[in-house]
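Structure first, then comments.
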Amino acid sequence: MNSLEKLFAELAVQKLQHQTRRHFLMDCVSKMGGLAMAPLLFGCEPGKLSKSTSGLQLSERDLNPLAPLPPPFLGKAKSIIYLHMAGAPSQLELFDYKPELAKYHDQACPESLLEGRKFAFIRGVPKMLGPQAKFSQHGESGAWVSDYLPHFAKVADEVAFLKAMHTDQFNHGPAQLFMQTGSARLGRPSLGSWVTYGLGTENQNLPGFVVLTSGGKTPDAGKSVWGSGFLPSVYQGVQCRSKGDPVLYLEDPSGMSRDLKKNVISAINQANQEDFETFGDPEILSRINQYEMAYRMQIEVPEVMNINDEPEYMHELYGTKSGEESFANNCLLARKLVEKGVRVVQLYDWGWDTHGTDHDGSIDMGLRNKCREIDRPMAALLLDLKQRGLLEETLVVWGGEFGRTPMQENREGKQMGFLGRDHHVDAFTMWMAGGGVKKGTSYGITDDFGFAGVDERVSVHDLHATILHLMGFDHEKFTYDFQGRPFRLTDVHGELIHSVLA
Amino acid sequence: MNRNQLAILLSLLIGISVIGFFFFGREKEVDYSSEIKPILNKHCITCHGGVKKSGGFSLLFEEEAFAPTESGHPAIIPGDPNSSELIKRLTHSDPELRMPYQRPALSEEEIELLKTWIKQGAKWGKHWAYEPVKEPEITSQIQSAGIGSTDREANLAPIDLLIREKLTEKGMIPSMEEQPLRLLRRVALDLTGLPPSDSLVSDFSAGKITYEQAVDQLLSSPAYGEKWAAWWLDLARYADTKGYERDVSRTMWPYRDWVIRAFNDDKPFDEFTIEQLAGDLLPNPTQDQLTATAFHRNTMNNDEGGTQDEEFRVAALLDRVNTTYEVWQSTTMACVQCHSHTYDPIRHEEYYQSAAFFNNTRDEDTHDEEPRLRFYEEAQQGQIEAVLNWTKAQEGEKAAKIRGDFLKFFEPKYAAHLATDFNKAELIDTKWLGLWPGGSAVYKNIDTQGSDQMLLDYWTGINGTQMTIRKDGPEGEVLASFVINKTEGEIVRQIPFKPVSGKVNLYFEAKNPSAKPQQNTSAIVWFAFVPSLKGKDKPGFAQVQNSWEELLKFRGTRLPILIENPPYMSRTTQVFERGNWMVPGDQVKPKTPAEFGGWQEKWPANRLGFAYWLTSAENPLTSRTLVNRIWDQLFGRGIVRTLEDMGSQSDPPTHPELLDYLAWKTMNDYDWSIKSLIREIVTSQTYKQSSAISAEAYRQDPDNQWYARGPRFRLSAEQVRDQALAVSGLLSRKMYGPGVKPPQPEGIWQTVYNGESWTESEGEDRYRRGIYTFLKRTSPYPSFISFDAGSREVCLSKRLVTNTPLQALVTLNDPVYLEAAKNLGKKTWEKSSGNAERAISQAYEQLVLSPISEGKKKTLLELYASAKTEFTQDPKALEEFYPGAKPEEAAMAVVANAMMNLDEFLTKP
């Protein structure tokens, strides 16, 4: 079978599955009103709820807005793991090797780079800052990766680098919003919400869009970066936490046993069932379904969020420690979640804003330490997904909200105590791996200073268009009506980057 | 109405139209708005209008449609369909030339309609929504149809008549009236957001008061304002924090309280509008009128270091334009920000003409959010009076007015961020001016109004800085010279200033030999020019001067408000090319969009004029918008479904006559009284119908757009919580004041660079109504978010209603709901003297105001029994679940928890 035939065959199977699920559902609705509660609490008792439901024309989504839907065309990826380094890591110390820049180290920045440009903190004429890391080429693809990321260097053949990314926002909050919602202003749905809205999710016992944070803080733009904007709130990211309830109000009140909770939900649903008979409002069926899902989430979420049962070699591979709120733990959790059928897993790691104001914020020391926190888990995530055969259907995206200047920061014209780089919009590196991505590629060329892209530039909208494409959407047709007009993740922009598609 | 009466009515209506037909000619005139525009919008306008004008042809504006296209000839020749290129292209045999290009052809009927329209002269018309609201004929219709004779039909109000008309057309039958107590619960939840009080329930069920009297009681309850304010605050994007990265707290609650009071006082909607948009421009505005203008200070404010205040001032300005049009005109202006509207006849430059009305306020995205209205204490009012009387006596009315205004809102003043030409100086965190030793900066084009005194707001931690302010530059004339020493926090200081006239450049320099080379000698926040108090040699001066200085120290409640720029500080407005504020184009003057009409030359060309324009009877959209949204609040959908848009892209109204009837009546008969409008709707038969539905009826009208049944939908986020607290007796009825912080799980607030934390409120503040819950934009109260409340970053016309497992987790497990369940369980347990069956029946009846069915009673009794068994067998679990309680009480709490999760309880009946 050639690949095209294979695609069609797969599509046919998917369609069939979808119809079957739908068929099953309608059957269940007409027979007993509640769908998944049946096996758990009542058992499927045909005829119990016959009279008023049978005529309702309900879609699966009417009962469960997170029910899975096939994409408009067959995407390569089924789920996304997005690793966002909040604060914006320096591309010049990690992936974008600039030997020329080293030669200009400590020299005054040429006026041509400063003309007509605004920076967040640099004022006047700053000095150039050469790369602070050692670079070498890795793997068959010969990818340049610095010695800040020795483990990741070993899996560099798995990824496609985007080295001439650019954005138009040079402050964290707006830039993170732009990267995650396609707009620098608050109020738009996040990428994860769009995808969950479009595809639903495979596992109804877990949220469809999970957010995990590390680094001690949420991103600068707050929870809006995983908000659902004008999309229904059911599509917003659900933050799963390492401390306290993994999902808010997940835990039963103390002293209430699981059995008792089951009885509570069973009683609620039976009474609601009776109301449905009386009032005929299909929202009641949906509520019955949601209560049952809540009950199952209470079981499955703590299970999936618990990494204690992972074998020792897994902990070693990722560098995880139980009970910590760390990027490593979150990477392992991300794998567990996509394995369980979660659609979008979004990681935010805070602490990449290396201005040189202090030790932790220095390019030569702070950044190196920060890289240590992500190096091993990031590589482990790719390897682990690969060995489980999940990498083919999981899109992994890595990046910050912008890049860093080749110049040394001189905050408000002052000499800084440590080596730092200011925010930079004209060039930064991101990478993608997995589902549908052409591995071992590098796309995008920056100038000798790594100041700006000179070829194969990729905008934030282009990146979004490409991610949506990999998930099976035409970004120009994937819209939602709000305030009287159709909205898109990519607004009126975005070009698909064909060169990084497998 | 019985069938005979209906038949009479129908034949009358038919008769009228038949007569009309013979009177007005044989061929029916094609109506552009209702028949032609929809065809053009559907098939043509994406390529021939707005952004795209393929072939040089656009159908958006009248003059474009009849102008020569690229071919050199117009595409529409009125009177001659056969020579009109438009018609030729629709029927062309060559697929390359046939329109719509590469898409299915128009139907024969559509083409025929277009032909007839052109033949009849191709008369252009306005979209229905842009036609002024006309006096409806409904009143005379009712009278002539002779309805109103017997029993239930006697209550057929105009609303019902218009609803019945459509139902009859659709072959649908209205539902019976809802059971009285369920109806009472519905209307109480709708009007006050709370279940009806015990006394209302007993008076009503004993027949002491009628339904209409109950409605009046509910409308006059203070809870009414709290309920409806929640609706308005979504539109106003009210929140207790600034938004963006740091998202720190701001004082906006006096505005929220103003909204609650305005609803309770039934402030007419025109006044309500004018005060919020332009209260500051009214003659001698009151404190309340100034408070109202905080409506447009709910825009976000960006404190992130490195952000340019001007960029975010402009963002706020554009948000004000978009919000104003969405809130009052159901019009999406955001598109026009970048290009002429694709569908609605509004031009790109018209957007900026509207923006010009709003572009002259003092606020500039500064960190302190000035201008802010001061809420002085009682004692300070006396001081103000003394200062102003003194000023009036010494210098006259005008000087007193200037000083009085300054005390109210500290304007006009110049913010530090206007500094330029930094030399050994910085804008600290892009907010405050910091001069290093020997440093300088310049403020250009400053109008000192010839003042002999400058007020300087600053703070510093070091002593001995010699500050000099010169005219123009380092060699310029010295205008002020003074020493700055360590302050205790931020201060406002009076500095003698050499009077100069006209606009000058002010050169600020600082010298301090003991400071480090790159150390800021101080942080300057703003400066203003307010003359010194005169009459130094007169008795009593010292006391007045002292009062003045005390007042300058005011640090109490300060509310961000709108204040217009004085003429010498006014801004010009330019078009932004493609919406980009960095690319300004032609300058524009304030002007309302031509298509909307109704501007009167007597109005001032500022926000006040704009507000008059919005609320004039000629404005086609304000009253329709208001009616549509109130209707939506009560029925769960608008008469025009798309609440945010009534333009060409909106759904047509399901009941256009009803929309216009209510709009006309609200403006004219009710004089913009919202309570009267609500009262008319909730006393209609349409509203009072039962919400039960058969499968057949559901299939016929799943969205209930024809109203053959009553409204039934889940309660709002605030209602869900308020109701639980109310029925369990926990709800505090304390009104107004700063936002409260009821318990929420730890670790919810994690905002960078923001030292604030969620400090749980104490005592009754933990049980206040949801409208008083502190709303942090980047991290709102979690259970409200689960129940679809917004984070209030932008205007929200409609909350979506979702149904999710996370909601179930909130009402099952959130400690607040558990506490409510325990209280409710305890109350009913005691009342029923420990009889479980009675307790369950009573509790259920208290929750939903209808008797419990045998089935539900059985289910809940079983739950009670299993819980009781479990707690009896496991005393440790009992102690954990409900310390100090008996197994029966704990079991009753479990049952109450289940009851408070019933669909019936969470849903408006």
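A few notes on this one:
- Residue in region B:362-375 that is closer than 28 Å to B:LYS538 by Cβ and touching a helix residue (DSSP H, G or I) at 6+ places or on another chain (Cβ under 7 Å) present: yes
- Residues satisfying the stated conditions in region A:165-177, i.e. surrounded by fewer than 24 Cβ atoms within 10 Å (Cβ to Cβ) and either outside the structural domain of A:MET378 (by TED's automatic domain parsing) or at pLDDT 95 or above (or both): A:HIS166
- Every residue from region B:856-909 that is polar (S, T, N, Q) and more than 8 Å from every other protein chain (Cβ to nearest Cβ): B:THR869, B:THR872, B:GLN873
- Restricting attention to region B:247-283, the residues being at pLDDT below 95 and of a type in the set (A, V, I, L, M, F, W, C) number 1.
- Some residue of region B:755-765 being within 26 Å of the chain's Cα centre (by Cα), surrounded by fewer than 20 Cβ atoms within 10 Å (Cβ to Cβ), away from chain A (no Cβ under 14 Å) and assigned to a helix (DSSP H, G or I): yes
- Scanning region A:476-502 for residues that are closer than 20 Å to A:ARG185 by Cα and either hydroxyl-bearing (Ser, Thr, Tyr) or surrounded by 17 or more Cβ atoms within 10 Å (Cβ to Cβ) (or both) yields A:THR479, A:TYR480, A:PHE482, A:GLN483, A:GLY484, A:ARG485, A:PHE487, A:ARG488, A:LEU489, A:THR490, A:GLY494.
- Some residue of region A:420-442 being free of Cβ contacts under 8 Å to residues at least 24 places away in the same chain and among the acidic types (Asp, Glu): no
- Exactly one residue out of B:LEU800, B:LEU812, B:LEU806 is at pLDDT 95 or above and of a type in the set (A, V, I, L, M), and it is B:LEU812.
- Residues that are within 20 Å of A:GLY453 (Cβ to Cβ) and not acidic (Asp, Glu) number at least 2 in the following helices (runs of 4 or more DSSP H) confined to region A:88-187: A:91-94, A:99-103, A:111-114, A:172-181.
- Here region A:248-269 is the region considered, the condition is being facing chain B (nearest Cβ under 7 Å) and touching a residue at least 12 places away in the same chain (Cβ under 8 Å), and the residue that is farthest from B:PRO883 (Cα to Cα) is A:ILE268.
- Among the residues of region B:795-810, those identified as touching a Leu at 6+ places or on another chain (Cβ under 9 Å) and either more than 9 Å from every other protein chain (Cβ to nearest Cβ) or surrounded by fewer than 19 Cβ atoms within 10 Å (Cβ to Cβ) (or both) are B:LYS798, B:LEU800.
- Condition met for B:TYR817 (more than 7 Å from chain A (Cβ to nearest Cβ), at pLDDT 95 or above and under 18 Å from B:GLU746 (Cα atoms)): yes
- Qualifying positions in region A:241-280 - in a helix (DSSP H, G or I) and hydrophobic (A, V, I, L, M, F, W, C): A:LEU260, A:VAL264, A:ILE265, A:ALA267, A:ILE268, A:ALA271, A:PHE276, A:PHE279
- Elements of type helices (runs of 4 or more DSSP H) contained in region B:600-712, each with 1 or more residues being closer than 30 Å to B:THR210 by Cβ and within 14 Å of another protein chain (Cβ to nearest Cβ): B:622-635, B:695-700
- Every condition in (1) touching a strand residue (DSSP E or B) at 6+ places or on another chain (Cβ under 8 Å); (2) modelled with pLDDT of 95 or more holds for B:SER623 except the one numbered (1).
- Lone qualifier among A:PHE418, A:PHE428 - being surrounded by fewer than 21 Cβ atoms within 10 Å (Cβ to Cβ) and among the aromatic types (Phe, Trp, Tyr): A:PHE418
- Considering residues of region A:236-247 that are out of contact with any strand residue (DSSP E or B) (no Cβ under 7 Å at 6 or more places or on another chain) and more than 9 Å from chain B (Cβ to nearest Cβ) only, the residue nearest to A:ARG287 (Cα to Cα): A:PRO246
- Any strands (runs of 3 or more DSSP E) falling wholly within region B:498-582 and containing at least 2 residues that are loosely packed, with under 13 Cβ neighbours inside 10 Å and touching a residue at least 40 places away in the same chain (Cβ under 8 Å): none
- Screening B:GLY747 with (1) crowded, with 22+ Cβ neighbours inside 10 Å; (2) within 14 Å of another protein chain (Cβ to nearest Cβ); (3) at positive phi gives one miss only, at (1).
- Matching residues, region A:71-87, being of a type outside the set (Gly, Ala, Ser) and outside any loop (DSSP other than H, G, I, E, B): A:ILE80, A:ILE81, A:TYR82, A:LEU83, A:HIS84, A:MET85
- Filtered residue count, region B:245-281, keeping only those that are free of Cβ contacts under 8 Å to residues at least 60 places away in the same chain, surrounded by fewer than 20 Cβ atoms within 10 Å (Cβ to Cβ) and outside any helix (DSSP H, G or I): 1
- Test: residue in region B:725-741 that is more than 8 Å from chain A (Cβ to nearest Cβ), touching a Phe, Trp or Tyr at 6+ places or on another chain (Cβ under 7 Å) and in a helix (DSSP H, G or I): yes
- One residue alone among A:LEU199, A:LEU191, A:LEU206 is within 12 Å of another protein chain (Cβ to nearest Cβ) and either of a type in the set (Phe, Trp, Tyr) or closer than 30 Å to B:LYS798 by Cβ (or both), and that residue is A:LEU206.
- In region B:778-794, the residues that are at positive phi and within 7 Å of another protein chain (Cβ to nearest Cβ) reach residues that are at pLDDT below 90 and not in a loop (DSSP other than H, G, I, E, B) with C-beta atoms within less than 6 angstrom, at least six apart or across chains, in these pairs: B:ASP788/A:SER233.
- Members of region A:270-280 that are within 7 Å of another protein chain (Cβ to nearest Cβ) and closer than 17 Å to B:TYR844 by Cβ: A:GLN270, A:ALA271, A:ASN272, A:GLU274, A:ASP275, A:THR278, A:PHE279
- Any hit, region A:119-126, residues being free of Cβ contacts under 8 Å to residues at least 60 places away in the same chain and either farther than 30 Å from A:TYR291 by Cα or of a type in the set (Phe, Trp, Tyr) (or both): yes
The values are calculated or read from the model by the stated rules, or taken from the named source; none is laboratory data. Remember, predicted model here, so these are calculated numbers, not experimental data. Neighbour counts are summed over all protein chains in view; Cβ atoms, including those assigned to glycine, are modelled from backbone coordinates with ideal geometry.
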